1. Please determine, by comparing only the residues of region 49-103 that are part of a strand (DSSP E or B) and open to solvent by less than 50 Å² (accessible area, probe 1.4 Å), which one is farthest from residue 202 (Cα to Cα).
2. Checking residue 226 against (1) in a strand (DSSP E or B); (2) within 10 Å of ligand 1 (Cβ to nearest atom); (3) over 23 Å from residue 91 (Cβ atoms), which test does it fail?
3. Could you check region 170-187 and list, in sequence order, the residues that are under 23 Å from residue 136 (Cβ atoms) and either β-branched (Val, Ile, Thr) or in contact with a Ser or Thr (Cβ under 9 Å, 6 or more places away or on another chain) (or both)?
4. Which of the residues spanning region 201-223 are in contact with a helix residue (DSSP H, G or I) (Cβ under 9 Å, 6 or more places away or on another chain) and within 7 Å of ligand 1 (Cβ to nearest atom)?
5. For residues in region 276-294 being within 12 Å of ligand 1 (Cβ to nearest atom) and at pLDDT 95 or above, which is farthest from residue 132 (Cα to Cα)?
6. For residues in region 133-164 being among the aliphatic types (A, V, I, L, M) and surrounded by fewer than 17 Cβ atoms within 10 Å (Cβ to Cβ), which is farthest from the chain's Cα centre (by Cα)?
7. Does region 104-120 hold any residues that are among the basic types (Lys, Arg) and either at pLDDT 90 or above or crowded, with 18+ Cβ neighbours inside 10 Å (or both), and which are they?
8. Among 233, 214, which is buried (at least 22 other Cβ atoms within 10 Å of the Cβ) and in contact (Cβ under 8 Å) with a residue 60 or more places away in the chain?
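The values are calculated or read from the model by the stated rules, or taken from the named source; none is laboratory data. Keep in mind that what you see is a predicted model, and the values were worked out from it rather than measured. Note: ideal-geometry Cβ built from the backbone for every residue, glycine included; neighbour counts use all protein chains shown. Accessible surface is based on the protein model in full, side chains and every heavy atom, while ligands, DNA and RNA are left aside. Shrake-Rupley method; radii C 1.70, N 1.55, O 1.52, S 1.80 Å.
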Amino acid sequence: MDRSCQGLDAVHTIVSRSVERRVISSIYEKKGSYDRSKKENPAHNNTIGTVSWHSLAQIAEACEKNGFFQVINHGVPVELTDRLKQVGRKFFDLTKDEKLVYAGKPVIGSEGYGSRMVLDDTEPKFWREFVELHTLPLSERHYNYWPQQPAEFRETVEKYTAALLDLAQRLLAVISESLGLKPSYLKEALGEPHQNIVFQCYPPCPEPGKTLGLPAHSDVVAITILMQEGDGLEVAAENDTWELVPNHPNAFVVNLADQIEIITNGRYKSANHRAIVNSDRTRRSYVTFYHPAKDQKIFPAPELVDEKVGPVYRELFYIEYLQALAAERGGKRLVQSFAIDNPLVS
Ligand code: OGA
Ligand code: NI
């Protein structure tokens with residue numbers, strides 16, 4: 001299934017997919033006068049830093065602060081990342097009808113192509129086109145949703161996501177070590193890897209202050225690895241401000257997601273983040289999600305639970321989390337609904 005914000009978006013998609021298909025050809029639809037920029041505090045100037053691959057202290061610091069960091073020297077060849085961006089760009093450049101061949105069904109966890117370009121008067125909406133594909137386990141590759149244009153799309157996505165699986169597992173090992181756990185801890189705690197990739201395309205918006213490419217959300221998965229073309233990703237910071245994640249050529253943005261927050265008993269964060277749009281250029285991002293299997297039991301690592309305080313989160317099967325996501329209607333972070341009502345936890 002799902003995403004991360006996939007889940008969130010998929011929920012949204014249930015009611016909106018028909019609208020998405022209808023509005024894709026118009027420049028945009030304006031339904032009201034909501035203006036997000038008027039409601040916000042000025043953005044922070046701090047930016048999400050690049051950590052050294054080998055510095056466990058730097059990784060621990062970034063994970064404790066907000067779970068976001070960028071990595072370079074990650075070992076994924078630039079030829080491969082360039083090719084992925086190229087097939088993504090070529091797909092989004094197809095005509096509306098060519099893209100709609102791969103349109104997803106209006107159900108949670110659906111795959112394929114979708115778009116949404118509506119300005120509403122009540123809340124920020126999804127100003128984006130996307131293609132979502134399940135890549136692992138192999139039995140969940142539904143090739144009917146995989147674009148056949150450009151011709152090299154499928155092979156490129158298969159090579160890229162294989163490299164990103166390896167990268168995710170190397171990251172899980174260093175993150176485990178940064179917690180004082182054995183390197184294989186998080187990989188084992190997450191069980192059989194499930195992976196999906198979302199190609200995001202945020203076209204220019206004539207009134208960027210009135211929408212969002214993706215509204216604020218935390219990713220429900222374990223770990224997300226994002227490659228961006230252009231600035232636009234922001235992470236929630238103090239006092240309702242937003243911190244920009246600067247576009248760094250050849251870096252991957254890594255963010256820890258809800259399942260890691262639970263396993264680390266809240267020590268490492270799964271921060272809210274969002275994508276803003278701009279009026280003059282298209283921004284794209286390529287987002288690879290690493291999930292536990294649906295029947296995987298997720299629980300705080302005993303080594304990270306303070307004996308006196310006890311666990312912060314309860315044990316759950318990942319499927320329960322996905323079900324809670326489907327039932328969710330915004331508000332507090334979803335992970336909070338799995339918190340234990342523990343008077344000793346501040
Ligand atoms: C996501 C996400 C941000 C971006 O897909 O979950 O947060 O910049 N994307 O595309
Ligand atoms: Ni996200």
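1. Looking at the filtered set, the residue picked out is 51.
2. For residue 226, the exception is condition (3).
3. Residues of region 170-187 under 23 Å from residue 136 (Cβ atoms): 170-176, 183-187.
Correct list: 172, 173, 174, 175, 176, 183, 184, 185, 186, 187.
4. Listed by number, the residues that qualify are 214, 217, 219.
5. Going through the qualifying residues, I end up with 283.
6. 151
7. Looking only at region 104-120, we keep the residues that are among the basic types (Lys, Arg), and these are 105, 116.
Within region 104-120, 116 is the sole residue that qualifies.
8. Being buried (at least 22 other Cβ atoms within 10 Å of the Cβ) and in contact (Cβ under 8 Å) with a residue 60 or more places away in the chain holds for just one of 233, 214, which is 214.
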